[in-house]
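*Asks:* Below is one structure. I have some questions about it.
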Amino acid sequence: MHNSSYIHALDTGLFTVGAPHKDDEGPDPPEQLTAIKLSDSRIALKSGYGKYLGINSEAVVVGRSDAIGSREQWEPVFQDGKMALLAANSCFISYSESGDIVAKSKTAGEEEMIKIRSCAEREVKRTDDLADEDRGNVKSCEVNYVKKFQSFQDRKLRVNEEDSGTLKKARKDGKFHEALLDRRSKMKADRYCK
C-alpha cells in the first residue's frame, strides 16, 4: 500500500487510501480501526463509524455491517517480517486504481503488504520459567514465600532470623524450596508446612 498513508473510512461505508502523513504524525479519527480477536488466527475490524469491515460481492471492502458474519472476518498473514490481510473470499486486500480498498489478489505481493499500528502494550515474554516469588535475592524470596503461605492472625510477618547463608547454598545445590520449607516449619507460624 502507499507509504505513510492509512486506510480512510468514508461515511458512505466505503474505504479509500487516506492522505499521506508525516512520520511522526498519527492517523486521523476516520483512519482508526478497532480490532476484535475472534480466534487464534482471525480478527474483525470495526471502523470509527461503529460498523464492521467486510467485503461485498464485488470484492470491495465496505464497513456497513452491524454484526460480525463470515464476510467480516479477516486473517492476518505474516511472512518475512511483513503482513498481508486475507479477506473472507481468500484474497488479499490492496487498493484499486480508483483508490478503493479491494480484496482481489489471490497472492500477496508488495502491493498487498500493510502495516498495522497499535496502541496496545506489547507482552514481554520471559526467557526463563522462574516463578515471581523466586526472583531476587534469597532474603526477598523467603519474604515472598512467607507472605504467600503464612497465616497472619496478628497481622505481623514472621520471617526466620537465622543466617541466610544456608539458603544461598541450598539455592546453588538445587534444594532451595526444601530449605525454605524447613525454615518456615521452625517458625511454627506457617500452617502449610507442618
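*Asks:* Could you give the accessible area per residue of the range 1-156, probe 1.4 Å, as a whole number in Å²? Walk me through the numbers before you get to the answer.
*Replies:* On the way: 10350 Å² over 156 residues.
Per-residue value: 66 Å².
*Asks:* Next up: From the list (1) -0.62, -1.32; (2) -0.56, -1.31; (3) -0.46, -1.36, can you say which value of log10 I(q)/I(0) by the Debye sum over Cα atoms at q = 0.11, 0.19 Å⁻¹ was derived from the structure given?
*Replies:* (1)
*Asks:* Right, next: Relative contact order for the range 45-157: what percent, with Cα pairs under 8 Å and sequence separation of 6 or more? Write down the numbers at each step before the final one.
*Replies:* Details: 147 pairs, mean separation 16.9, N = 113.
Relative CO of the range 45-157 lands at 15 percent.
*Asks:* What's the extension gain from E58 to V77 if we count 0.36 nm per residue and subtract their Cα-Cα distance?
*Replies:* Here the segment from E58 to V77 would lengthen by 4.6 nm.
*Asks:* Using a 10 Å Cβ count of at most 16 others and DSSP loop calls, identify the longest part of the chain lacking such chymotrypsin sites (Phe, Trp or Tyr not before Pro). Please list the in-between numbers first.
*Replies:* Numbers: sites that count: Y49, F152, Y192.
Within the chain, the longest run free of exposed chymotrypsin sites (Phe, Trp or Tyr not before Pro) spans 50-151.
*Asks:* Straight-line reach from K46: which aspartates and glutamates have Cα under 17 Å away, leaving out those fewer than 8 places along the same chain?
*Replies:* Cross-link targets: D11, D28, E31, D66, E72, E75.
*Asks:* Between the DSSP loop rule and a limit of at most 12 other Cβ atoms within 10 Å, which trypsin sites (Lys or Arg not before Pro) in the range 1-59 are left?
*Replies:* K22
*Asks:* Which aspartates and glutamates, on any chain, are close to K139 with Cα under 14 Å apart, when same-chain ones fewer than 8 places away are left out?
*Replies:* Correct list for K139: E161, E162, D163.
*Asks:* Calculate what fraction, in whole %, of the accessible area of the chain sits on carbon and sulfur atoms when a 1.4 Å probe is rolled over the protein chains.
*Replies:* Carbon plus sulfur share of accessible area: 49 percent.
*Asks:* Which whole-Hz ³J(HN,Hα) couplings does the range 70-77 yield from phi under the Karplus relation 6.51 cos²θ - 1.76 cosθ + 1.60, θ = phi - 60°, glycine and proline marked x?
*Replies:* For the range 70-77, the Karplus-derived couplings read 5, 6, 9, 9, 10, 10, x, 10 Hz, x marking Gly and Pro.
*Asks:* Give the longest segment of the chain that steers clear of GluC sites (Glu not before Pro) in DSSP loops with at most 16 neighbouring Cβ atoms within 10 Å, not counting the sites themselves.
*Replies:* My reading of the result: 59-96 is the longest stretch.
The values are calculated or read from the model by the stated rules, or taken from the named source; none is laboratory data. Every value quoted in this text rests on a predicted model; they were computed, and no experiment measured them. No Cβ is skipped: glycine too gets one built from the backbone with ideal geometry, and neighbour counts run over all protein chains shown. Calculation scope for accessible area: heavy atoms of the full protein, side chains included, ligands and nucleic acids excluded. Shrake-Rupley method; radii C 1.70, N 1.55, O 1.52, S 1.80 Å.
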